[in-house]
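Reading through the structure tokens given below for one structure.
The values are calculated or read from the model by the stated rules, or taken from the named source; none is laboratory data. Being a predicted model, the structure only gives us computed values, none of them experimental. Positions of Cβ are generated from backbone atoms using ideal geometry, with glycine treated the same way; all protein chains shown enter the neighbour counts. Remember, those area values only see protein heavy atoms, side chains included, never the ligands or the DNA or RNA. Shrake-Rupley method; radii C 1.70, N 1.55, O 1.52, S 1.80 Å.
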Amino acid sequence: MKKYFLIIDEGTTGTRAVIYDKQFRAVSYTYTEITQYMPKEDIVEHDFEEIYEKSVAVCREAMQKAGILPEEIIAMGITNQRNTQCVWDRKTGKPLLKGIVWQDTRTRKLLDEMRRMDCIRMHEVRHCGRRYVVNSSPVTLRWIMDHRPDIAEKMTAGEAAFGSVDTWLVWKFTGGRVHAMTYSNASSLGIYDMIEDCWCAPVFEGTGVPMSVLPELYEEVSDFGTTDVFGAPIPITAVIGDQQASMFAQNCRSVGTVKCTNGTGTFMDINIGSKYVPPQTELAAMVAWSIHGQKTYLYERMLPVAGSAVQWLRDGLGVIKDAAESYDMAMSVPDTGGVLFVTSMSGVYAPAFDPYSRGTIFGIHKGTKKEHIVRATIEGIAFSLADVMDVVADQTGIAIKELKIDGGASKNDLLAQSFADFIRCKVVRPQESAGLTAAGAARLAAVGAGIYTLETLPETETETDKFYPMIDEETAKRKLSRYRDAVERAKAWMK
Ligand code: ADP
């Protein structure tokens, strides 16, 4: 009897497999780390062969652990870290270089040059939904062509295939029969034209990157072929980018719903409905998902520092042993004792971009204790998000009433409470142990397999913790304005 869904959640640091039953209860879970290759300061690479092998291994292990046979799997779904890219040989199926991870910044000089090109200036925001960044595909592919003539030759001859991790996994699982990329991934890479509904050809023509390397565009819920890798045929019925998957799992399926994933950094995603509207300033527009011919779009706002500030308290400052201890220490003092921490270790991202700012701690006096610094760190993370909310509300016309949070740092109750206090909205945090990205992909795989329709699909019913504003509005406003003043003073430090 077929009764389970097998999900691969391919993340930056590791790959996990989760098996769900038809009620979306996680019945088995396995995880393994992926080697990070960082030979130089600006290089971060993954071995795509290793990603595939480890994905197969975690799936096998998850089945074995729960005593589940491949014959019992209804369908498979894949969710992935976005914007990690590779090129492989269409004939041999072998990667032609190591995968270039989204954190890799080797293309930054090239990006500056390319952003002056007309084809990019005219299309990046209006058609492709975002200002190009170091890992936007035309920039990455152009870099590869400029530095690896052997690969450029294969690309021009139509012998090379391009894709992100999802594309690669589907290719490998189907023995090279399916070369697909979903809209959520294509739009994240800045190559899907959301006005014309196709690959953004003018950017490829203008930058000299051959379009023959591109996969076919697929809806998130599609027939991605069948894999025979596990000894019984298993159809792949859903593939979706990680932020979009957790958004789906957070039930952010109607206009104006917002989720905020606080891991190393923060990814805030807002459902803007079925009509694409080019974004303004620093928001990125993407396809959330496309199901049965109907697309849903989102605006995304990324902040590079969230949990990484807590990591710094542990590894840099050495004042906590583990991330969880940050909560106890912060709560051992009634307030920050006047300390304010602008956590702009990688620059200020909002409302105005300043790459020259660095993390700055204000208000230290003789009575300041490490507990105050810890508390100010947690508050600082909350302030940095609250600070962008006005801009987001202005640009989307959406007043955020409820914020659904997830990710490792969201486990911190003080952070969740501070979001409620400074953003002035209800904050909701589900208790989903196996991770929301996998949960989202599982639901889409079930729709793809015809077990549910979008109408019958049960909402994610996890127990939730709720946080409401506890301080009065006046105090919140005063604190936020003080924070904004501090941000100004933290700017331009590296200049
Ligand atoms: P990612 O997916 O980006 O690797 P995770 O969602 O796994 O991130 O979250 C890990 C981050 O969350 C780390 O930066 C860690 O410092 C932070 N973190 C984990 N637990 C807590 C906690 N209880 N309080 C504050 N931060 C935490």
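Below are the figures for this structure:
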item	result
Full-stretch length increase - His292, Ala57 - with 0.36 nm per residue and alpha-carbon distance subtracted	81.4 nm
For segment 82-152, average projected area of the Cα convex hull in nm²	5.3 nm²
Over segment 352-495, equivalent-ellipsoid semi-axes from the Cα gyration tensor in Å	35, 18, 16
Under Karplus coefficients 6.51, -1.76 and 1.60, residue-wise ³J(HN,Hα) of segment 175-181 in Hz, glycine/proline x	x, x, 6, 10, 10, 10, 9
Net charge of Cβ neighbours under 15 Å - reference Pro334; Lys, Arg +1; Asp, Glu -1	-2
Net +/- balance of residues flanking Ala157 in space, Cβ distance below 13 Å, scoring K and R +1, D and E -1	-1
Summed side-chain charge close to Arg177 - residues other than Arg177 whose Cβ falls under 13 Å, Lys, Arg +1, Asp, Glu -1	-1
Principal axis dimensions, the chain - Cα atoms, whole angstrom, descending	67, 54, 42
Computed lengthening from Thr475 to Leu457, 0.36 nm per intervening residue step minus Cα-Cα distance	2.2 nm
Long-range amide H partners of Asp406 with built H, under 5 Å	Cys260, Thr261, Asn262
Cut-off under 5 Å, modelled amide H: who pairs with Arg130 long-range	Val125, Ala285
Where segment 341-409 is the region considered: accessible area per residue in Å², 1.4 Å probe	40 Å²
Percent breakdown of C-alpha pair distances by 5 Å bin, ordered from the shortest bin, for segment 229-280	4, 16, 20, 20, 14, 9, 7, 7, 2, 1
Normalised contact order of the chain, rounded percent, pairs of Cα under 8 Å and 6 or more residues apart	14 percent
5 angstrom amide H check on Tyr356, placed H, neighbours 5+ away	Val348, Ala492
Per-selection metrics, segment 297-415 (Cα): Rg and Dmax in Å	14.9, 51
Gap separating the Cα centres of segment 278-303 and segment 84-116, nearest whole Å	23 Å
Relative contact order [Cα under 8 Å, 6+ residues apart], segment 306-456, whole percent	20 percent
Solvent-accessible area, 1.4 Å probe, carbon plus sulfur percent, for the chain	51 percent
Under Karplus coefficients 6.51, -1.76 and 1.60, residue-wise ³J(HN,Hα) of segment 31-39 in Hz, glycine/proline x	8, 9, 7, 10, 5, 9, 9, 10, x
Debye log10 I(q)/I(0) for segment 191-323, one point scatterer per Cα, at q = 0.13 Å⁻¹	-0.76
Lysines whose Cα lies under 26 Å from that of Lys491, excluding same-chain neighbours fewer than 8 positions away	Lys109, Lys366, Lys369, Lys370, Lys477, Lys479
Residue-averaged [θ]222 nm for the chain, counting only DSSP H segments that reach four residues, each worth -39500 (n - 2.57)	-10000 deg cm²/dmol
Bridge type composition, the chain - antiparallel percent by DSSP, nearest 5	70 percent
Karplus 3J(HN,Hα) series, Hz, for segment 155-167 with 6.51 cos²θ - 1.76 cosθ + 1.60 (x for Gly, Pro)	5, 5, 7, x, 9, 10, 10, 10, x, 8, 4, 4, 4
